[in-house]
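Everything below concerns the one structure shown next.
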């Protein structure tokens, strides 16, 4: 049974009621609502769209429209994309060209790409989560704001030479305590959000996978203050955190899915799930490790549905993926185990929709008809954008238009979207 929305009190004062935008999503208790009825998400991550849509890139714009056509043909009703990229464009393993090549300088062509993309998804009625920052380096994000604010050079993680994930994460965890870095991020929010405040399909996300690390208290204050800033600029659009949820190491990451989503300015909960990245499974032995990885995935999903009931807000499985057979990066390689895994994850999420706060599912990440020029290598400027960001081996988690995974998702979409509820 669904728990009442008052099951756990939200932190901070309640927000004043805002007029709904015609055609927009709202939240009532533990449900997304559209036109007075529960709304369920069959979504997809598609982070490159606004960059491809930038002014002057006709080939990229053509790609965007083909990509959106393919997603909608698969029954997708929500996507998640990146509308904040920070420079300088000479930094390694980054999306380029960037929207903000220097602190406080917003490239008109990049901003134009965001605006054109937002107009296109609105025209299609395709709900879109827009990431406004990033804990990781592949779009600049927190690390770049810290560097601009004088915190020192970015200690890049792998694949940078001598890269260290622990060192990088603790550096980035200092973002919330750096007033200059936070102010620069807020300046971009204050610049962009009002321009799109009347777009009914847009949903704002504070950042991709923010982690509190050793600054948990100030991290949660940042969630609340940043969400309230967005709500002050656009009271009728939904806001979420971008959080991974618990991850495999919640204490190390400084995360707690219940406590991190208490703010009254956060409308719904999100969580991510990464079997290979979190060492639930190893690409060298996918078949052997599969049963245990699937068991852990199911437990993880059920735990997050229960956590959302405690908070009294909807929850969205916003990212998940699985390697290709044999750990291959070749787009022509089979995806037998990935399809089995997706089938199980979709089936579990679907079973939870009627009676828990679970609101939907969004795999990572759409590549459409684009292909990596050098599968298994890292992206270089001028190469096609696929589903794998520049800091990851190209072809790792991308879902291509010829993958059998696409048919599986296409088959599940109407079942997810058409879920019937009795409460």
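Taking 0.36 nm per residue of separation and subtracting the Cα-Cα distance, full extension of the segment from residue 336 to residue 197 would add 45.8 nm. Between residue 310 and residue 105, the modelled label-to-label distance comes to 4.7 nm, taking each label 7 Å out from Cα in the direction of the beta carbon.
Between residue 59 and residue 402, the C-beta separation translates, for a Förster distance of 22 Å, into a calculated FRET efficiency of about 0.60.
One chain, two ends: residue 296 and residue 259. Fully extended at 0.36 nm per residue, the span grows by 11.1 nm beyond their Cα-Cα distance.
The label-point distance for residue 415 and residue 166, in a model that sets each label 7 Å from Cα toward Cβ, rounds to 4.4 nm.
Averaging the sequence gap over all C-alpha pairs within less than 8 Å and six or more residues apart, then dividing by the number of residues, gives region 115-186 a relative contact order of 24 percent. Contact order, relative form, for the chain: 19 percent (alpha carbon pairs under 8 Å, 6 or more residues apart, mean separation divided by residue count). Sequence-distant contacts, meaning Cα pairs under 8 Å at least 6 residues apart, place the relative contact order of region 134-237 at 28 percent.
Take the alpha-carbon centre of region 31-64, take the same for region 227-269, and report the distance between them in whole Å. Going from one Cα centre to the other spans 21 Å. Highest average first, the peptides 54-61, 302-309, 39-46 ordered by how many other beta carbon atoms sit within 10 Å of their residues are 39-46, 302-309, 54-61.
Alpha-carbon geometry of the chain: the Rg and the Dmax are 19.8, 55 Å, given in that order. A crude spin-label estimate for the pair residue 179 and residue 17, with each label 7 Å from Cα along the Cβ direction, gives 3.9 nm.
Computed from the coordinates by the stated procedures, all read-outs in this text should not be read as laboratory data. Given the structure is predicted, the values throughout are model-derived calculations rather than measurements. Positions of Cβ are generated from backbone atoms using ideal geometry, with glycine treated the same way; all protein chains shown enter the neighbour counts.
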